[in-house]
1. Compute the accessible area per residue over the chain, keeping the other protein chains in place, probe 1.4 Å, unit Å².
2. Fully extended, how many nm does the chain gain between Asp102 and Leu84 (0.36 nm per residue separation, minus their Cα-Cα distance)?
3. For the chain, with the dipole built from +1 on Lys and Arg beta-carbon atoms and -1 on Asp and Glu ones, taken about the Cα centre, which of Val22, Val9, Ser71 lies farthest toward the positive end?
4. Roughly speaking, what % of Cα-Cα pairs in region 60-107 are separated by over 17 Å, rounded to a whole number?
5. So what's the Cα pair-distance distribution over the chain, bin width 5 Å, in %?
6. Return the carbon/sulfur percentage of the accessible area of region 8-66, one whole number, probe 1.4 Å, all protein chains in place.
7. Per-residue ellipticity at 222 nm for the chain, helices alone: DSSP H runs ≥ 4 residues times -39500 (n - 2.57), over residue total, nearest 500 deg cm²/dmol?
8. In Å, what Rg and Dmax follow from the Cα atoms of region 28-73?
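The values are calculated or read from the model by the stated rules, or taken from the named source; none is laboratory data. Everything numeric in this text was worked out from a predicted model, so none of it was measured. Cβ atoms come from the backbone with ideal geometry, glycine included; neighbour counts cover every protein chain shown. These accessible areas exclude ligands, DNA and RNA; they are computed on the full protein's heavy atoms, side chains included. Shrake-Rupley method; radii C 1.70, N 1.55, O 1.52, S 1.80 Å.
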Amino acid sequence: MMLPQNANVLGHVFGGVVLSLVDRTAAVAAFRHARLPVVTVSVDRVDFREPIRVGDLIVMKASVNFVGRTSMEIGVRIDAEDLLTGNRRHTNSCYLTFVAVDANGRPVEAPEVVPETDEERRRFAAAQDRRRRRLDERNQEERNR
């Protein structure tokens, strides 16, 4: 539940508070999948569709969409629930990339994810496309150095 210390003078929750919760939620999903320590590598674009208000309950759902060799894409959906009415609003979605690491902080292989449902296959394919775009962007940046 969002409290006054989480919000600005308008009573809207700070984006940084939401991002911190998103990072922790995604980290738990990645850790549970890999059963290894994980570190955040990137956060894709985050758009705040509408404000989360003081008194709202934030409900986050995370899914492991794709696993490469050591990296994992985790999707997080953020909803805000008005506890008085029970109404939920979708406020954000974003994708984070985590890498599984060993005790020395070096990347290690993560277990593959096997999509089983139509929805999981859709998420898997979309995650592959995003991964290709991220790799293309990174390669372009390296060429421009």
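1. Values: 9090 Å² over 145 residues.
It amounts to 63 Å² per residue over the chain.
2. In short, 2.0 nm is gained.
3. It is Ser71, whose Cα lies furthest towards the positive end.
4. 50 percent
5. So the P(r) values, bin by bin, are 2, 10, 17, 18, 17, 14, 11, 7, 3, 1, 0.
6. 58 percent
7. Calculated from helices alone, the mean residue ellipticity at 222 nm is -11000 deg cm²/dmol.
8. 13.9, 41
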